[in-house]
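The values are calculated or read from the model by the stated rules, or taken from the named source; none is laboratory data. Computed from a prediction, not measured in an experiment: that's the story for all the values here. No Cβ is skipped: glycine too gets one built from the backbone with ideal geometry, and neighbour counts run over all protein chains shown. Side chains included, ligands, DNA and RNA excluded: accessible areas come from the protein's heavy atoms. Shrake-Rupley method; radii C 1.70, N 1.55, O 1.52, S 1.80 Å.
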Amino acid sequence: MTTRAPFTDERRRALEQLGASVPLVPGLISRWLAFLLDIAVMMLAAVASTYLIEWTGEFFRLDKFPIGHRIVDVTSRVTVLLVWLLYFPLSWTLTGQSVGKAILGLRVVRSDPRHPSETKLSLPRCYLRVAGYWLSALPFGLGFLTAVFNAEHRTLHDRIAGTRVVYQPSQRSKYRRG
Amino acid sequence: MISRLRRVGRLKKRVERAAHSIEERSRQVTRRGLQGGLEMTLIALARSPAFYRLVDEVVQYLVHHPDVEALIHQQTSSFAIDAVDELRATAARADTAFDRMVIALRRRVTAK
């Protein structure tokens, strides 16, 4: 059962009072918080995988082999690279949410006026969005700031990938007590 | 008459002092007795295999009891849900404040 997320009610009322044409979409601060959480998750995953590989290397006594250290080192680096390469695209294409976005109740959807019903993101589109992150960040983060001057709060990477961020409808009722 | 009153006063003080002393002593004895009893009980429990069996049984009962499990699960998930809700609500309020600021700024710039 999906309903409107309860925490958005207050925001909707406030935006109505403002009298501006601001649709009910998440603002910059929610998105920034979600991004920070995602970075923390990725760092944790990278650190945990590095430790795991090192322990595995120690367990199998790879340091006894001439290239044992090299194997552990290369594997750790590849794993960290994989975490950074796969985390965002896979989470967006599978659920539309990364961990940070899920915690903040946000979701990335496709924003194509020709196909308004299609919200699911393809993997290439997700990679395009990740590339857009770098482009947004490069000119002193101005790409992120474009969201401020846009009613739908779309950033540069949203425009590049043809996406937008919306509030995830609440699916809480089945977990709630009473 | 006066000397008799003085004698009675002295006697009263002595009786009061004695009563205090008895009270203090009985308190000490009771405390010592209780401590000793408690220590003895704890030592006896620590040496008793039956006590460990009982603790194990109680723990096993609590761990496997569906009601207890459900209660712990409910409390944990409820706490996490509340924390997430609070974070979302705070972020949404911050978004609104930021939007309000931007709109005011825009209106001011347009007015100029």
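The single condition from (1) more than 30 Å from A:ASN150 (Cα to Cα); (2) open to solvent by 60 Å² or more (accessible area, probe 1.4 Å); (3) within 14 Å of chain A (Cβ to nearest Cβ) that B:SER78 fails is (2).
Of the helices (runs of 4 or more DSSP H) contained entirely in the range A:59-178, those carrying at least 1 residues that are of a type in the set (Gly, Ala, Ser) and within 14 Å of chain B (Cβ to nearest Cβ) fall at A:99-104.
To keep it simple, each residue is scored yes or no on (1) modelled with pLDDT under 95; (2) within 30 Å of A:PHE60 (Cβ to Cβ); (3) touching a helix residue (DSSP H, G or I) at 6+ places or on another chain (Cβ under 9 Å); (4) not small (Gly, Ala, Ser).
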site	(1), (2), (3), (4)
A:THR79	yes, yes, yes, yes
A:TRP84	yes, yes, yes, yes
A:THR95	yes, no, yes, yes
A:ARG107	yes, no, yes, yes
A:SER111	yes, no, yes, no
A:ARG114	yes, no, no, yes
A:LEU121	yes, no, yes, yes
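Here the range A:1-22 is the region considered, the condition is being β-branched (Val, Ile, Thr) and surrounded by fewer than 17 Cβ atoms within 10 Å (Cβ to Cβ), and the residue that is modelled with the lowest pLDDT is A:THR2.
Do the conditions hold for B:VAL29, that is, is it surrounded by 10 or more Cβ atoms within 10 Å (Cβ to Cβ), more than 30 Å from A:LEU36 (Cβ to Cβ) and not polar (S, T, N, Q)? When the stated conditions are applied, B:VAL29 passes them.
From the list B:SER21, B:SER78, B:SER26, pick out the single residue that is out of contact with any Ser or Thr (no Cβ under 6 Å at 6 or more places or on another chain), under 30 Å from A:LEU106 (Cα atoms), part of a helix (DSSP H, G or I) and of a type outside the set (A, V, I, L, M). Steps first, please.
Numbers: B:SER21 fails: under 30 Å from A:LEU106 (Cα atoms); B:SER26 fails: under 30 Å from A:LEU106 (Cα atoms).
Exactly one residue qualifies, and that residue is B:SER78.
When we screen B:ARG88, B:ARG100, B:ARG108 for residues that are facing chain A (nearest Cβ under 9 Å), open to solvent by 90 Å² or more (accessible area, probe 1.4 Å), assigned to a helix (DSSP H, G or I) and of a type in the set (Lys, Arg), the only hit is B:ARG100.
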